[in-house]
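First up is the structure itself, then whatever we jot down about it.
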Amino acid sequence: MAMPLFDNALRQLDEALKHVKLEADTIELLRYPKAVHSFAIPVRMDNGSLKMFKGYRVQYNDTRGPAKGGIRYHPDVNLDEVQSLAFWMAIKCAVVGVPFGGGKGGVKVNPKELSKLELERLSRGFINAVADVIGPDRDIPAPDVYTNSTVMGWMSDQYNIITRRHLPAVITGKPLELGGSLGRDDATGRGGFYVLQALRESLGVKEGATIAIQGFGNAGFHFARLASEAGYKIVAVSDSRGGIYKPEGLDPKSVYKVKHETNKLEAVYCEGSVCELVEHKKVTNSELLELDVDVLVPAALENQITSENANNIKAKVVLELANGPTSFDADETLFSKGTIVVPDILANAGGVTVSYFEWVQNKAGYYWPVDKVHQELEDIMRVAALAIDEKRSALACNMRTAAYAIAIDRIGRAVEAHGTHSFFMDEVSAK
Ligand code: NAD
């Protein structure tokens, strides 16, 4: 079966391997997922019928620690996507230096078509299917597209029921009342914002720079909120139905409030406490990507910037909050025309970093104040961003390859610490 997204991931790996010295058997190991679980989840629907939903969990690599990665509910979920996302999680955890490997899960479902009760049964069913292969020291799921803290609460509860233990560290992104961490809700957007601030000078992003954001969910909204508070101008945002564009700048909090009240982005734009209709242009998702802005933030789904539209991207900086929004070919086009892509494996690593903090707090049974979460997150994101920027200069490559080079070196050295071909064969040949 052709796996285009995973091919893209392997091409990124191959590009980075040009800059990292690893042994052949380590490289071979990095090209395969450790385990792929594929299953069907039976759900009793509200009308009494039984419906089966296709589910996946991939554990890509766990050399540096337990597998870690979100669970996605989306009609387009497939094995290629889940495996690629699991691979990127392994890379991402190594980029920010948290002691986890990479995993990912997904269910092929349109959650908007399910009632809350059906959604709960589906979420508990997912855990029934994977309970034997996940755990606080094996594989730790978290939220992703169209899953949230409520879903994580059901899932951790189901795991506790099956194991007859209280093991909150099995899942991160839980509600606070069930062992979640303060600061997890906005961690991905916040992490991306800290990266932007750390690299601001190097990226040539000035105060008041204009930003367009594709995807106005958890990652996109919180990034927009923090960037707007810091003086950047958010000129366009979109969701699955399309977007709005206002060159003078939008107020993300008002747009978010109205979106959630009306379920439509373009319905109303609120100024202060008074909601009023303000002039704005409607844009499609593809038009948004090509707007003349300083920073473009894809924060929705993968494969949005491809060889089809890469030449039309006008932003000088692309900050990838979504996973895999830029194809390998598009990356090359953007690099050759001087567009800097701050890659997903750095820009959206704030989520997994605070997930790591949640896991640490669950294991210790000791909970941190939010200021500590923010400070520790900022420190980790800044250190990772500056190291990657330095590597990019040293290797004269794009930022993605630099990030991969750092991550693969870390994973590779962990793999090689167990012994490699030359380690074992040197001894054999010495006898
Ligand atoms: P979310 O479900 O909260 O929001 C997704 C947003 O994308 C919604 O506004 C939705 O309307 C929009 N969307 C869906 N299809 C779209 C389309 N075709 N065009 C434009 N917009 C579309 O999800 P999220 O958690 O914000 O995740 C967004 C991206 O960030 C995903 O790629 C996810 O893997 C990545 N990410 C999220 C986290 C996290 O902690 N939430 C961490 C790392 C990476």
For the chain, whose charge dipole is built from +1 on Lys and Arg Cβ atoms and -1 on Asp and Glu Cβ atoms, the candidate among G412, P168, S327 with its Cα farthest towards the positive end is P168
Spin-label zone in region 99-132 - amide nitrogen under 12 Å from a point set 7 Å from the Cα of K51 along the C-beta vector:
108-122
Which of the aspartates and glutamates could a cross-linker span from K174 if the Cα-Cα distance has to be under 14 Å and same-chain partners fewer than 8 positions apart are dropped?
D144, D157, D185, D186, E358
Order these by the 10 Å Cβ neighbour count, fewest first: L321, L250.
L250, L321
Given +1 on the Cβ of Lys and Arg, -1 on the Cβ of Asp and Glu, and no further charges, what dipole in debye does the chain carry about its Cα centre, rounded to the nearest 20?
820
Once the dipole of the chain is set up from charges on Cβ (+1 Lys and Arg, -1 Asp and Glu), the residue from the list I41, G103, L288 lying farthest towards its positive end is I41
Using only Cα atoms, locate the centre of region 38-65 and the centre of region 68-116, then give the distance between them in Å, rounded to an integer.
12
Any idea what log10 I(q)/I(0) is at q = 0.18 Å⁻¹ for region 1-156, Debye with uniform C-alpha scatterers and no solvent?
-1.04
Mean ellipticity per residue at 222 nm, deg cm²/dmol - from DSSP H runs of n ≥ 4 across the chain, formula -39500 (n - 2.57)
-14500 deg cm²/dmol
Rounded to the angstrom and largest first, Cα extents along the principal axes for region 369-420 equal 43, 31, 12
Using packing as a proxy for protection, rank 294-305, 75-86 so that the peptide with the highest average count of other Cβ atoms within 10 Å comes first.
294-305, 75-86
Sorted by packing (mean other beta-carbon atoms within 10 Å per residue), highest first, where do 124-131, 42-49, 370-377 land?
124-131, 370-377, 42-49
Filter K104/K391; K51/K112; K206/K314; K206/K391; K108/K257; K233/K281 down to the pairs with a C-alpha to C-alpha distance above 25 Å, please.
K104/K391; K108/K257
Taking 8 Å as the Cα distance limit and 6 or more residues as the minimum spacing, I'd like the relative contact order of the chain as a percentage.
17
Using 10 Å bins from zero, what percent of all Cα-Cα pairs in the chain falls into each bin?
5, 22, 32, 27, 12, 3, 1, 0, 0
Packing-wise, with mean Cβ within 10 Å as the measure, how do 233-241, 200-208, 309-317 rank, highest first?
233-241, 309-317, 200-208
Taking Cα pairs closer than 8 Å and at least 6 residues apart, the relative contact order of region 187-347 in percent is 22
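Using +1 on the beta carbon of Lys and Arg, -1 on that of Asp and Glu, and nothing else charged, what's the dipole of region 187-347 about the Cα centre, debye to 20?
Its charge dipole is roughly 340 debye.
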Charge dipole magnitude, Cβ of K and R +1, D and E -1 - region 365-431, Cα centre, debye nearest 20
180
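Every number here is computed from the coordinates shown, using simple stated rules; none is lab data. Keep in mind it's a predicted model, so treat the numbers as computed, not measured. Ideal geometry is used to build each Cβ from the backbone, glycine not excepted, and the neighbour counts take in all protein chains shown.
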